[in-house]
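A short worksheet on the structure shown next.
The values are calculated or read from the model by the stated rules, or taken from the named source; none is laboratory data. What you see is a predicted model, and the numbers here were worked out from it, not measured in a lab. Positions of Cβ are backbone-derived with ideal geometry, glycine not excepted, and every protein chain shown enters the neighbour counts. The area values use the complete protein model at the heavy-atom level, side chains included, leaving out ligands, DNA and RNA. Shrake-Rupley method; radii C 1.70, N 1.55, O 1.52, S 1.80 Å.
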Amino acid sequence: MIPEIETKSTAEIKTFQEAKLKIALNYLSENSPFYQRHFEQHQITVAKIQTLEDLTEIPVTTKDDIQQFNDDFICVPKSKIIDYVTTSGTLGDPVTFALTDADLERLAYNEAISFACAGVTSSDVLQLMTTIDRRFMAGLAYFLGVRKLGAGIIRVGAGIPELQWDSIIKFKPTYLIVVPSFLLKLIKYAEQHDIDLNASGIKGAICIGESFRNDDFTLNTLGEKITEHWQIDLFSTYASTEMSTAFTECEAQQGGHLHPELIIAELLDDYDQPVKDGEIGELTITTLGIEAMPLLRFKTGDMMKAHNQPCSCGRTTLRLGPIAGRKKQMIKYKGTTLYPPAMQNILNNFNALECFVIEISHNAIGTDEILIRIASDSPSDELLNQIKDHFRAKLRVTPKIEWSDKEVIDALRFPKLSRKPILVIDKRK
């Protein structure tokens, strides 16, 4: 189930997307209060935007824009809106997104071809380990996509290893849709209850929310800890509410594939210009085919690399590498630039750690400070020094690290109304 456009030449894909872009620009100029104002304010004539390169003539859209003018992004009358979702608010206040019936159909199509990209077929059964309620788009998207693909789905929801294993044993799913660190809890439960992991029938996991790969697509510490116990394929998928689109790995596992019919992707520098090939930039997207709340040159805040070489799976589309970090969470610490995922990968090396949370703040002179709170069943100075030594070896700097009670950390990681664990708390203004 590979859409034909995903195997075309780079030139053909570019021509295809430029035609879609013109339709999107005309739609925004006719229906979006925000973009009508945006075009007028910056003297943009949409008819002059003919190529993907011309996009640089249009100022970017930011999360602040959506938070400040949320309703002005809606392009349809309220009577056409079928569903409302909200973002997770990881880097600011949550914002609301509306979807029409056509948008829900697009969402289902996106997930269906994304699952197919990872090798899932109509013969498979998937166990959904994320919430589908609480205005969460992802859970709904997964359900709609599996249904459109013709596969089976078991809606278990998040957490509760006992219930997850009961469902795995009873219904025999072949794939899991899961936050990868939760797989470690499933492994621990299986070991404690004499469950044979590799006789469970699970072929693979579609992983969300956390990176388990290094920049070169090899497994990082988290990925290695999972696969050394459970011989399953791990597939990364990157998406957001704002995009209504997913970048999912194929069986080659060399980055998430772009769907040219659904989204235009740019990687931009600090001056909103395209970065050179192989450089890290901020993913900036233009959605295609969305009715209710389409976005133009929206800066996601996620820093990553793009890969443009054809893939062994037959697709010729751009692929996105693992997220290096969130732009707003970039830390300048003792002359070194850090992103939280690099610190998380180091902490995941230590099996003795039960949990952790990273706090970023400004000190009295306005420079960045890092405090990492860690918890363990067996805290010791020796273990603390080992962790600090590992930071020095890998990142050349050692943040402040201190022991805390697990209950204290859990209260920080799972704030009220949160739909997913918070590993990074940024207190900087």
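Couple of notes before you dig in:
- Local net charge near Leu283, Cβ-Cβ under 9 Å (Lys/Arg +1, Asp/Glu -1): -2
- Peptides 159-169, 201-211, 76-86 ranked from most to least packed, by the mean per-residue count of other Cβ atoms within 10 Å: 201-211, 159-169, 76-86.
- Of Trp403, Trp230, the order by accessible heavy-atom surface (1.4 Å probe, DNA, RNA and ligands excluded), from most exposed downward, is Trp403, Trp230.
- Set of aspartates and glutamates with alpha-carbon distance to Lys420 below 16 Å, sequence-local pairs under 8 removed: Asp93, Asp133, Glu210, Asp410
- With every protein chain in place, the stretch 122-201: carbon and sulfur % of accessible area (1.4 Å): 51 percent
- Separation of the stretch 346-379 from the stretch 1-74 is 41 Å, based on Cα centroids.
- Accessible carbon and sulfur surface of the stretch 301-429 relative to its total accessible area, %, 1.4 Å: 51 percent
- Selected from Ile74, Leu107, Val125, residue furthest toward positive end of dipole (the stretch 1-151; charges at beta carbon): Val125
- Helical contribution to [θ] at 222 nm, DSSP H n ≥ 4, -39,500 (n - 2.57), averaged over the chain, rounded to 500: -9500 deg cm²/dmol
- On a per residue basis, the stretch 332-392 carries 48 Å² of accessible surface, using protein heavy atoms and a 1.4 Å probe.
- Tilt relative to the chain, helix 101-117 - C-alpha long axis, 0 to 90 degrees, to 10: 50 degrees
- The stretch 96-254, accessible area per residue, ligands and nucleic acids excluded (1.4 Å, Å²): 40 Å²
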